[in-house]
1. Just one of the numbered conditions (1) within 11 Å of the ligand (Cβ to nearest atom); (2) in a strand (DSSP E or B) is not true of Arg183; which one?
2. Tally time: how many residues in the stretch 194-237 are aliphatic (A, V, I, L, M), outside any loop (DSSP other than H, G, I, E, B) and touching a residue at least 60 places away in the same chain (Cβ under 8 Å)?
3. Hey, any hits in the stretch 210-219 for a residue that's within 16 Å of the ligand (Cβ to nearest atom), over 35 Å from the mean Cα position of the chain (by Cα) and farther than 22 Å from Leu118 by Cα?
4. Are there any pairs, at least 6 apart or on different chains, whose C-beta atoms fall under 9 Å, with the first in the stretch 292-320 and without any contact (Cβ under 8 Å) to a residue 12 or more places away in the chain and in the same structural domain as Val216 (by TED's automatic domain parsing) and the second in a helix (DSSP H, G or I) and not charged (D, E, K, R), and if so, which?
5. Out of everything in the stretch 145-194 that is of a type in the set (S, T, N, Q) and under 29 Å from the mean Cα position of the chain (by Cα), what residue ends up being farthest from Gly301 (Cα to Cα)?
6. Is it the case, given these coordinates, that Ser157 is assigned by TED's automatic domain parsing to the domain that holds Asn193, within 15 Å of Val288 (Cβ to Cβ) and either within 12 Å of the ligand (Cβ to nearest atom) or at pLDDT below 95 (or both)?
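The values are calculated or read from the model by the stated rules, or taken from the named source; none is laboratory data. Just so it is clear, the structure is predicted and the values come from calculations on it, not from any experiment. Every residue, glycine as well, gets a Cβ built from its backbone with ideal geometry; the counts of neighbours run over all protein chains shown.
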Amino acid sequence: MIAKIKQLLEEVEAIKANTANELETLRIKYLSKKGVINDLMNEFRNVPSDQKREVGIMLNQLKTALQEKINKLREDLENNDNDVVDLDLTRTSYPVRLGTRHPLTIVKNEIIDIFGRLGFTIAEGPEIEDDWHVFSALNFAEDHPARDMQDTFFIESHPDILLRTHTSSVQTRVMGYSKPPIRIICPGRVFRNEAISYRAHCFFHQVEALYIDKNVSFTDLKQALLLFAKEMFGAETKIRLRPSYFPFTEPSAEMDISCNICGGKGCPFCKHTGWVEILGCGMVDPNVLESNGIDSKEYSGYALGMGVERIANLKYQVKDLRMFSENDTRFLKEFEAAH
Ligand code: DAH
């Protein structure tokens, strides 16, 4: 038996395991109930008592050596995990998750598409503007309340420079560098000095449209508006124009559409009137044409402007305006299917 134990001690030195499975096989072979050590323990009972002490010590040595060796092999395997991973190069890769379009971008693109089909092309202007393009060239009186610090963000050191309060400023930019016919749509961000709440923000988005040509009439405006409303909100949508006032249009109107949430029957969203306001519009005031170098006897035009958040709210019923600028991906992902 002593010879057998000596031989096993040498064997232990040499054992190796390349995988967890091989290691487990070794453990079963040496240390399990039916393993080598247990067999030796059984044999030990028959060892003559004068040899028991010597054999017992050797047997314990062997057992400890085996346990230590197997633990050491296990540690080595765990540390080398990276080298031995089951790497399946034929498995299909994880799908790349693409970002989703922002709901305001979806709505803006839809507006651009509809007007694009009517022949409007995109024009852009700066967000940091001067008084002329935002107010003066658009026929705002010197003392108009919009020029008040309360409503408009001015650049402190330069009171002529401000953050545009509406995209109507792009009208004056385009009239400044091109001649009629002009047929443009201007999407963009605008800024107003408002306290931030669920229904107001200090920045939001607008889309402005301007059409100037010979013989443009209110009828053309009305047709364009009706087509836009039906394309945007569905063929059954009705429109209604209410007289209004804007410095840059005469006559001016505000357009309501039949509430697309209740279908015009009346609901909390339309305050039970069946109608919701969605944009301002009118015939370009001759003063504006003249201020921008266009002969108002030869040309006429219409203009309209709408808030993108408002349209998005009607389409998607977002209760809190702040959601649009917080970039919470749980909110943004809800629009995955919309584009
Ligand atoms: N600029 C207006 C606003 O910010 C919206 C608007 C009204 C634009 C009438 C227009 C218009 O072009 O004709 O409230």
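1. (1)
2. We begin by selecting, within the stretch 194-237, every residue aliphatic (A, V, I, L, M); these are 195-196, 200, 207, 209-210, 212, 216, 221, 224-227, 229, 232, 235.
Next, only the ones that are outside any loop (DSSP other than H, G, I, E, B) stay: 207, 209-210, 212, 221, 224-227, 229, 232.
From what's left, touching a residue at least 60 places away in the same chain (Cβ under 8 Å): 207, 209-210, 212, 221, 224-225, 227, 232.
The qualifying residues number 9.
3. no
4. Asp295/Leu289; Ser296/Pro286; Ser296/Asn287; Ser296/Val288; Ser296/Leu289; Lys297/Pro286
5. Initial filter on the stretch 145-194 (of a type in the set (S, T, N, Q)): 150, 152, 157, 165, 167-169, 171-172, 178, 193.
So of that shortlist, the ones also under 29 Å from the mean Cα position of the chain (by Cα) come out as 152, 165, 167-169, 193.
Details: Thr152: 27, Thr165: 22, Thr167: 17, Ser168: 14, Ser169: 16, Asn193: 30 Å.
Top of the filtered list is Asn193.
6. Details: assigned by TED's automatic domain parsing to the domain that holds Asn193: yes; within 15 Å of Val288 (Cβ to Cβ): no; either within 12 Å of the ligand (Cβ to nearest atom) or at pLDDT below 95 (or both): yes.
So Ser157 fails the test.
Yes/no matrix, rows are residues, columns are (1) closer than 20 Å to Phe120 by Cβ; (2) surrounded by 17 or more Cβ atoms within 10 Å (Cβ to Cβ):
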{"site": "Phe233", "(1), (2)": "yes, yes"}
{"site": "Glu236", "(1), (2)": "no, no"}
{"site": "Phe248", "(1), (2)": "yes, yes"}
{"site": "Asp256", "(1), (2)": "no, yes"}
{"site": "Cys262", "(1), (2)": "no, no"}
{"site": "Lys265", "(1), (2)": "no, no"}
{"site": "Lys271", "(1), (2)": "no, no"}
{"site": "Val276", "(1), (2)": "no, yes"}
{"site": "Gly282", "(1), (2)": "yes, yes"}
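Conditions tested, residue by residue: (1) among the β-branched types (Val, Ile, Thr); (2) at pLDDT 95 or above; (3) on the phi < 0 side of the Ramachandran plot; (4) more than 16 Å from the ligand (Cβ to nearest atom).
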{"site": "Gly282", "(1), (2), (3), (4)": "no, yes, no, no"}
{"site": "Asp285", "(1), (2), (3), (4)": "no, yes, yes, no"}
{"site": "Glu298", "(1), (2), (3), (4)": "no, yes, yes, yes"}
{"site": "Ala303", "(1), (2), (3), (4)": "no, yes, yes, no"}
{"site": "Val308", "(1), (2), (3), (4)": "yes, yes, yes, no"}
{"site": "Phe331", "(1), (2), (3), (4)": "no, no, yes, yes"}
